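The values are calculated or read from the model by the stated rules, or taken from the named source; none is laboratory data. Nothing here was measured: the structure is a model prediction, and the numbers come from that model. Because the Cβ atoms are built from the backbone with ideal geometry, glycine has one as well, and the counts that use them run over all protein chains shown. Remember, those area values only see protein heavy atoms, side chains included, never the ligands or the DNA or RNA. Shrake-Rupley method; radii C 1.70, N 1.55, O 1.52, S 1.80 Å.
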Amino acid sequence: MEQRYLGRTGLRVSRMGLGTLTWGRDTDEHDAADQLKTFWDAGGTLVDTADVYGGGEAEHLMGGLLDNLVPRQDLVIATKAGSVPDPYRRFDGSRGHLLAALDASLERLGTDYVDLWQIHAFDPVTPLEETMQALDLAVSSGRVRYAGVSNFSGWQLAKAATWQLASPGVRTRLASTQMEYSLLQRGVEREVLPAALDLGVGLLPSSPLGRGVLTGKYRAGTPSDSRGASEVLAPFVEPYLDDAASRIVDAVATAADGLATTALHVALAWVRDRPGVVAPVVGARNARQLGEALSVEALSLPDEICQALDDVSAPVHRYPDQDWSTL
């Protein structure tokens, strides 16, 4: 699998990432092992998790597979901290919480460092410089190699990245930002992606298949074994089952027929090769499904197909973002 640099850093990662959102909840240790082995055999290196995935079980499962199944040094392990199970405070970016969460993540992962540590979301209560200082302390201690953020808006990303760049050699520059991005969700193109491109921050798209809808599996209804049929995940899928989304899904299916490939491959190749994108993060139910996604490696979409998909999925740009959101 092709490798790409993560933002304006020296860290190279595979151009597809493995997501572990369901590990420890819907994905047991055997399926997790099969997925990781399939990913590694395909040349994948970037594995993304978080301290709250499966209540910590995703990291625990990953820790049990390191070295026993895949050499630690062959993987770029990314995790996140900052989300908290508190109905009154969803995110905690305080220095104390973040550093304690990092120690807990390292213990679950069974490693003394993570390659990429990400702030899971912006905390409007904690001063940003306090949150950023936690990143600096983590890197200077050797427990973290590179730092990033997740779910930051355009102005939040710009403020955080600029704060870090203000003291080069002292503060750790942001390597990445993780945001949802697909043909069904192009909102990051308004401000987040232009900011990331300007600041040299690499984008790691989550839900690159539009929460599974872009595979075309929902065109004839909701399959009984899909996320859309799950009581827990149905509200996650439902926003992408409207008429506007259906037109985009139909266009993806038409492109796939013309290229003699699958809708899954077309949707993944489109987002993978967008400006500023480093590696879409793909989650799968099992190793077979993951293998199908990873086989997109050899596909590059023709320019005319990309343009047609751009046109049918184009987000509405109005004042004031119409002038700076053209990629």
>> Binning at 5 angstrom from zero up to the longest distance, how are the C-alpha pair distances of the stretch 61-133 distributed in percent?
In response: 3, 16, 25, 20, 15, 10, 7, 3, 0
> So what is the calculated 222 nm ellipticity per residue for the chain, using -39500 (n - 2.57) for each DSSP H run with n of 4 or more, over all residues, to the nearest 500 deg cm²/dmol?
Replying inline: -11000 deg cm²/dmol
> Mean shadow of the stretch 70-110, computed from the convex hull of its alpha carbons, in nm²?
Replying inline: 3.5 nm²
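Check each of the trypsin sites (Lys or Arg not before Pro) in the stretch 1-55 and keep only those in coil by DSSP with at most 16 other C-beta atoms within 10 angstrom; list them in order.
Details: sites: Arg4, Arg8, Arg12, Arg15, Arg25, Lys37; in loops: Arg8, Arg15, Arg25.
Here the trypsin sites (Lys or Arg not before Pro) that fit, given the DSSP loop and packing criteria, are Arg8, Arg25.
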> Can you list residues whose amide H is under 5 Å from Leu46's amide H, if they're 5+ apart or on another chain and H is modeled 1.01 Å from N?
Replying inline: Ser14, Leu18, Val76
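Counting other Cβ atoms within 10 Å, which trypsin sites (Lys or Arg not before Pro) in the stretch 264-327 have at most 13 and lie in a DSSP loop?
Qualifying residues, ordered by number: Arg318.
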> Each residue of the stretch 242-249 in order: what ³J(HN,Hα) in whole Hz does its phi give by Karplus 6.51 cos²θ - 1.76 cosθ + 1.60, θ = phi - 60°, with x for Gly and Pro?
Replying inline: 8, 5, 4, 5, 4, 5, 5, 4
> Excluding Arg247 itself, what net charge comes from residues whose Cβ is under 13 Å from its Cβ, given Lys and Arg +1 and Asp and Glu -1?
Replying inline: -3
>> I need the Debye-formula profile for the stretch 97-168: one equal scatterer per C-alpha, no solvent, reported as log10 I(q)/I(0) at q = 0.16 1/Å, two decimals.
In response: -0.55
> Using only the Cα atoms, what convex hull volume per residue in Å³ does the stretch 153-214 have?
Replying inline: 65 Å³
> Excluding Phe122 itself, what net charge comes from residues whose Cβ is under 12 Å from its Cβ, given Lys and Arg +1 and Asp and Glu -1?
Replying inline: 0
> For the stretch 184-193, what does the Karplus curve 6.51 cos²θ - 1.76 cosθ + 1.60, with θ = phi - 60°, yield as ³J(HN,Hα) per residue in whole Hz, taken in order and with x for Gly and Pro?
Replying inline: 9, 9, 10, x, 5, 6, 5, 9, 5, 5
> In whole Hz, what ³J(HN,Hα) sequence does the stretch 132-137 give by Karplus (6.51, -1.76, 1.60; θ = phi - 60°), x for Gly and Pro?
Replying inline: 5, 5, 4, 4, 4, 5
> What range in the chain is the longest one free of GluC sites (Glu not before Pro) that are in a loop by DSSP and have at most 15 other Cβ atoms within 10 angstrom?
Replying inline: 3-230
> Given a 1.4 Å probe, how much area per residue of the chain is accessible, in Å²?
Replying inline: 43 Å²
>> Just to check, using Stokes-Einstein with a Kirkwood Rh over alpha carbon pairs, what's the diffusion coefficient of the stretch 182-253 at 37 °C and 0.692 mPa s in µm²/s?
In response: 245 µm²/s
>> Need one number: convex hull volume per residue for the stretch 1-150, Cα atoms only, in Å³.
In response: 101 Å³
> If one computes P(r) from the Cα atoms of the stretch 205-327, what percent of pairs lie at distances over 20 Å?
Replying inline: 46 percent
> Once you have the alpha carbon radius of gyration of the stretch 70-214, what is it after dividing by 2.2 N^0.38 Å, with N set to its residue count?
Replying inline: 1.04
>> Given 20 °C and 1.002 mPa s, compute D for the chain with the Stokes-Einstein relation, Rh being the Kirkwood radius over Cα pairs; round to the nearest whole µm²/s.
In response: 107 µm²/s
> Excluding Thr9 itself, what net charge comes from residues whose Cβ is under 12 Å from its Cβ, given Lys and Arg +1 and Asp and Glu -1?
Replying inline: +4
